[in-house]
Amino acid sequence: MGNFGGSLAIGSAAELRELLKATGFIGVEDTDVLAEGWQVSEFADADERSLPGLVEKSGAPAVMVSFLDSDVGFVEAVTPDGTAWTGLLNRGMAESYDIPLEDFPVDTAVAGALAWSAAAGLTSEAETVRQALTGSTTFAEELYGLLLVGLGIPGARSAA
């Protein structure tokens with residue numbers, strides 16, 4: 001227990017590796033280009049200011065998830081105008097880790113995700129977002145893929 005790492009999607013075509021390192025992301029891996037200027041990158045760790053710092057420095061919307069043993073995902077998203085939300089992936093597993101589910105209300109997360117998507121200039125799918133935030137899988141990464149699709153991130157694919 002306790003193995004963290006994460007993934008980040010950002011709506012910027014800028015060179016991402018150095019930008020991520022400059023804003024506190026550690027162990028940055030290769031970046032995958034999705035579509036329409038969106039990119040995804042994996043990282044080993046980040047601090048609580050990494051995502052807001054990245055959005056401020058890049059001027060681009062971003063969403064990231066930090067994984068706990070691939071079982072649970074803690075989602076955070078920010079746009080340059082300050083639209084932000086947090087959520088939790090794989091609630092059933094989170095409960096088994098004694099993570100207080102009441103700290104991550106689904107309706108609040110869905111509303112925040114839809115507002116974030118609109119502020120990012122995307123077209124979201126509310127039911128897909130809700131499915132990602134309430135679904136249960138062996139690996140939280142699968143729900144993250146579904147979440148990216150639900151948020152309307154161009155080129156995102158879901159394994160779920």
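The values are calculated or read from the model by the stated rules, or taken from the named source; none is laboratory data. This is a predicted model, so every value here is computed, not measured. Cβ coordinates were reconstructed from backbone atoms using ideal geometry, including for glycine residues, and neighbour counts include every protein chain displayed. Calculation scope for accessible area: heavy atoms of the full protein, side chains included, ligands and nucleic acids excluded. Shrake-Rupley method; radii C 1.70, N 1.55, O 1.52, S 1.80 Å.
Exactly one residue out of A44, A111, A115, A35 is among the aliphatic types (A, V, I, L, M), closer than 22 Å to L146 by Cα and touching a strand residue (DSSP E or B) at 6+ places or on another chain (Cβ under 6 Å), and it is A44. Given the structure, is A60 farther than 17 Å from V149 by Cβ and modelled with pLDDT of 95 or more? Yes. Residue-level check: of (1) open to solvent by less than 30 Å² (accessible area, probe 1.4 Å); (2) farther than 22 Å from R130 by Cβ, V78 misses just (2).
I99 satisfies every condition listed in (1) in contact with a strand residue (DSSP E or B) (Cβ under 8 Å, 6 or more places away or on another chain); (2) among the hydrophobic types (A, V, I, L, M, F, W, C); (3) part of a helix (DSSP H, G or I) except (3).
Which members of region 1-21 meet the condition of being exposed (fewer than 13 other Cβ atoms within 10 Å of the Cβ) and either under 15 Å from the mean Cα position of the chain (by Cα) or more than 18 Å from V75 (Cβ to Cβ) (or both)? Result: M1, G2, A13, E15, E18. Exactly one residue out of A60, A35 is closer than 14 Å to P154 by Cβ, in contact (Cβ under 8 Å) with a residue 24 or more places away in the chain and loosely packed, with under 13 Cβ neighbours inside 10 Å: that is A35.
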